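Undergrad: After the structure tokens below, expect a handful of questions from me.
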Amino acid sequence: MSKSDWTAPPREALRASVVGPIADYDPSSTPGYSGDKDSGAKALVERGAVLADLQEKLFANGRSGDHRNVLLVVQGMDTAGKGGIVAHVGGLCDPQGLAITGFGKPTPEELSHDFLWRIHKALPPAGKIGIFDRSHYEDVLPVRVHNLVPESVWSQRYDIINQFERELVDAGTTVLKVALVVSKDEQKKRLTERLDNPTKYWKYNPADIDERGYWEDYLQAYQAIFDRTDNDHAPWYLIGADRKWFSRLAVCELLIDALERLDLSWPAPTFDLEHEQRRVADC
């Protein structure tokens, strides 16, 4: 990692237990980073090349029998930039090494199963980086805020999620969870921009305005998530989303750190290298 602008490792500076509580968090802040938008944009390009190389190593190892993978969970209120993370950070990687899933309102079939059923179906295979645009945490966010199930049901889900993520990690998955925090004023600005731009009408959902009325309830729901499920084996990171360039750079750095900790190397050949070199030379 370039030391010029990061004054602290993102995995430390952005940990939810360090920068919280979320109600007091400044979504325009850049904890651990002293650079500006221009330096951040340049760093994303440079660090993106590092991420791409590490992701290729992960994919190559997966093809060679290594069962490990990475799961990036992205949560955030409407307009927080979840799609931007998928496009601008995931876009730095080779698509064949990604498994991207967006979770919307559960279908009737999904509602007929346990809330983790659809999550299990979307887990990344060996060698891939899985990106969840929303996730199993929806079942303790809008479900809690709108009382879609009794408290006696959703209140038990924190422990179920902890057990689920512990099992994932034990099976070889590196779990990263990021919460993109947008300010109420910035959200209003972005919603307005959607209504002023015909190319963005499709992004606008009238229900987003209704959800703004539950802003404090959502902050409480997010804080409960951090308090109950921010674990060293599956950490939560709180990232301000008012500056999109920073949130994208921060997620890129967190992925790089996670992949570097896997201590990846290129797989050794499973064939007689010298023999194949001679064959290629003679063909």
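The values are calculated or read from the model by the stated rules, or taken from the named source; none is laboratory data. Being a predicted model, the structure only gives us computed values, none of them experimental. In this analysis, Cβ positions are derived from the backbone assuming ideal geometry, glycine residues included, and neighbour counts consider all displayed protein chains. Note: areas computed on protein heavy atoms with side chains; ligands, DNA, RNA excluded. Shrake-Rupley method; radii C 1.70, N 1.55, O 1.52, S 1.80 Å.
Undergrad: Would you check which residues across the stretch 53-104 are out of contact with any Asp or Glu (no Cβ under 7 Å at 6 or more places or on another chain), part of a loop (DSSP other than H, G, I, E, B) and surrounded by fewer than 21 Cβ atoms within 10 Å (Cβ to Cβ) and list them?
TA: Ser64, Gly65, Asp66, His67, Arg68, Gly104
Undergrad: State yes or no: is Asp170 over 18 Å from Lys121 (Cβ atoms) and over 16 Å from the mean Cα position of the chain (by Cα)?
TA: Yes; evaluated as a whole, the condition is true for this residue.
Undergrad: Can you say whether Lys188 is under 16 Å from Ala80 (Cα atoms), part of a helix (DSSP H, G or I) and either modelled with pLDDT of 95 or more or touching a Cys at 6+ places or on another chain (Cβ under 9 Å) (or both), as far as the supplied structure shows? It would help to see each step written out before you state the result.
TA: Details: under 16 Å from Ala80 (Cα atoms): yes; part of a helix (DSSP H, G or I): yes; either modelled with pLDDT of 95 or more or touching a Cys at 6+ places or on another chain (Cβ under 9 Å) (or both): yes.
Yes.
Undergrad: Another one. Please go through the stretch 238-283 and give me each residue that is within 16 Å of Leu51 (Cβ to Cβ) and in contact with a Pro (Cβ under 8 Å, 6 or more places away or on another chain), ordered by number.
TA: Ala250, Glu253, Leu254, Asp257
Undergrad: For the stretch 155-175, name all the residues that are open to solvent by 80 Å² or more (accessible area, probe 1.4 Å) and assigned to a helix (DSSP H, G or I). Spell out how you get there, then give the answer.
TA: Looking only at the stretch 155-175, we keep the residues that are open to solvent by 80 Å² or more (accessible area, probe 1.4 Å), and these are 156, 159, 163, 166-167, 170.
Selection gives Asp159, Gln163, Arg166, Glu167, Asp170.
Undergrad: Something else about it: Restricting to the stretch 1-38, what's the tally of residues that are closer than 19 Å to Val89 by Cα, open to solvent by 30 Å² or more (accessible area, probe 1.4 Å) and either assigned to a helix (DSSP H, G or I) or among the aliphatic types (A, V, I, L, M) (or both)?
TA: Going through the stretch 1-38 one residue at a time, the tally reaches 4.
Undergrad: Can you say whether Asn197 is open to solvent by less than 60 Å² (accessible area, probe 1.4 Å) and in contact (Cβ under 8 Å) with a residue 12 or more places away in the chain, as far as the supplied structure shows?
TA: Working: open to solvent by less than 60 Å² (accessible area, probe 1.4 Å): yes; in contact (Cβ under 8 Å) with a residue 12 or more places away in the chain: no.
It is false that Asn197 is open to solvent by less than 60 Å² (accessible area, probe 1.4 Å) and in contact (Cβ under 8 Å) with a residue 12 or more places away in the chain.
Undergrad: Being at pLDDT below 95 and not in a loop (DSSP other than H, G, I, E, B) is true for just one of Glu276, Glu253. Which residue is that?
TA: Glu276
Results for (1) surrounded by 21 or more Cβ atoms within 10 Å (Cβ to Cβ); (2) free of Cβ contacts under 8 Å to residues at least 24 places away in the same chain; (3) among the hydrophobic types (A, V, I, L, M, F, W, C), shown as yes or no for each residue.
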{"site": "His120", "(1), (2), (3)": "no, yes, no"}
{"site": "Pro125", "(1), (2), (3)": "no, no, no"}
{"site": "Ile131", "(1), (2), (3)": "yes, no, yes"}
{"site": "Glu138", "(1), (2), (3)": "no, no, no"}
{"site": "Pro150", "(1), (2), (3)": "no, yes, no"}
{"site": "Val153", "(1), (2), (3)": "no, yes, yes"}
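Undergrad: Kindly evaluate Glu186 against the criterion of being open to solvent by 30 Å² or more (accessible area, probe 1.4 Å), touching an Asp or Glu at 6+ places or on another chain (Cβ under 7 Å) and not polar (S, T, N, Q).
TA: yes
Undergrad: Filter the stretch 127-178 for residues that are more than 24 Å from Glu253 (Cβ to Cβ), in contact with a strand residue (DSSP E or B) (Cβ under 8 Å, 6 or more places away or on another chain) and hydrophobic (A, V, I, L, M, F, W, C) and give the result.
TA: Scanning the stretch 127-178 gives a single hit, Leu141.
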